[in-house]
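Note sheet for the following structure.
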Amino acid sequence: MAEKEIIVAITGASGAPYALRLIDCLESNGLKIHLIVSPMGGKLLTDECGINKIDAQSLIGRSSTNITIQNYQDLTSPLASGSYPIQGMVICPCSSNTLGGIAAGLGDNLITRAAHVTLKESRRLIVIYREMPVSAINLENMLKLQRAGAVICPASPGFYTKPNTIDDLVDFVVGRILDLLGIDHVLKTRWQQR
């Protein structure tokens, strides 16, 4: 069986801890990750997590051959072509700017181009929208993407698991993303009747 490959994109909406935990969980499950970080996503990683260098060691605390950093501006990347076999793409977190760019059909950077390729190939595109409040324009863009086949998954942690820490809240959102990708995990996301 071929190695599973997934694209993870980090944009400038607050929520870097979600992205880091997601990358860690995907890498721990043996997936090959193609990571694309927008310029504002890089700033977000610095501001929220103190990460100044984009590499596996900085992102997940260990080296890994399963994480490949892709250039945000490289539209010649294999990820810009539908012939490259990936399982799907997660944009985590997704800014309103990136959401709007994809909904408008822009492909002016590798994140928006890879998102379009993912949709046209009928692969799973999961958009972790993190901004609030939401304008009518944002809602229309979400609806456009959902109708095109994307899964809109706002970063909205549940409280029925009785979280005690911020990490518990992050794990809830990441667990839901893993569920959407069909990846087994042990993160607390399930409703337990009391």
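Read the figures in this text as sums done on the coordinates, not as results from a lab. Not measured: the values here are computed from a predicted model. Cβ atoms come from the backbone with ideal geometry, glycine included; neighbour counts cover every protein chain shown.
Remarks
- Conditions (1) free of Cβ contacts under 8 Å to residues at least 40 places away in the same chain; (2) touching a strand residue (DSSP E or B) at 6+ places or on another chain (Cβ under 7 Å); (3) more than 25 Å from P85 (Cα to Cα): number failed by T68: (3)
- Residues in region 151-165 that are under 23 Å from N29 (Cα atoms) and not in a strand (DSSP E or B): C153, A155, P157.
- Residue satisfying all of: in region 19-30; touching a Cys at 6+ places or on another chain (Cβ under 8 Å) and surrounded by 23 or more Cβ atoms within 10 Å (Cβ to Cβ); nearest to D184 (Cα to Cα) among these: L22
- Residue check for P93: buried (at least 20 other Cβ atoms within 10 Å of the Cβ), touching a strand residue (DSSP E or B) at 6+ places or on another chain (Cβ under 7 Å) and not charged (D, E, K, R): yes
- Of the residues in region 141-154, at least one is surrounded by 13 or more Cβ atoms within 10 Å (Cβ to Cβ), of a type in the set (D, E, K, R) and either more than 14 Å from Y18 (Cα to Cα) or more than 12 Å from the chain's Cα centre (by Cα) (or both).
Let's see how each residue does on (1) assigned to a helix (DSSP H, G or I); (2) in contact with a Lys or Arg (Cβ under 9 Å, 6 or more places away or on another chain); (3) touching a residue at least 24 places away in the same chain (Cβ under 8 Å):
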site: L143; (1), (2), (3): yes, no, no
site: Q146; (1), (2), (3): yes, no, no
site: D171; (1), (2), (3): yes, yes, yes
site: D184; (1), (2), (3): no, no, yes
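- The set of residues from region 56-73 being out of contact with any Ser or Thr (no Cβ under 8 Å at 6 or more places or on another chain) and either within 19 Å of I6 (Cα to Cα) or not small (G, A, S) (or both) comprises L59, I60, R62, S63, S64, T65, N66, I67, T68, I69, Q73.
- In region 155-179, residue surrounded by the fewest Cβ atoms within 10 Å (Cβ to Cβ) [restricted to those that are β-branched (V, I, T) and closer than 19 Å to S95 by Cβ]: V170
- Breaking point among (1) surrounded by fewer than 20 Cβ atoms within 10 Å (Cβ to Cβ); (2) within 21 Å of R176 (Cβ to Cβ), for A16: (1)
- Taking the criterion of being touching a helix residue (DSSP H, G or I) at 6+ places or on another chain (Cβ under 6 Å) and in a helix (DSSP H, G or I), the residues of region 99-110 that qualify are L99, G100, G101, I102, A103.
- For region 60-77, the count of residues that are over 23 Å from T118 (Cα atoms) and aliphatic (A, V, I, L, M) is at least one.
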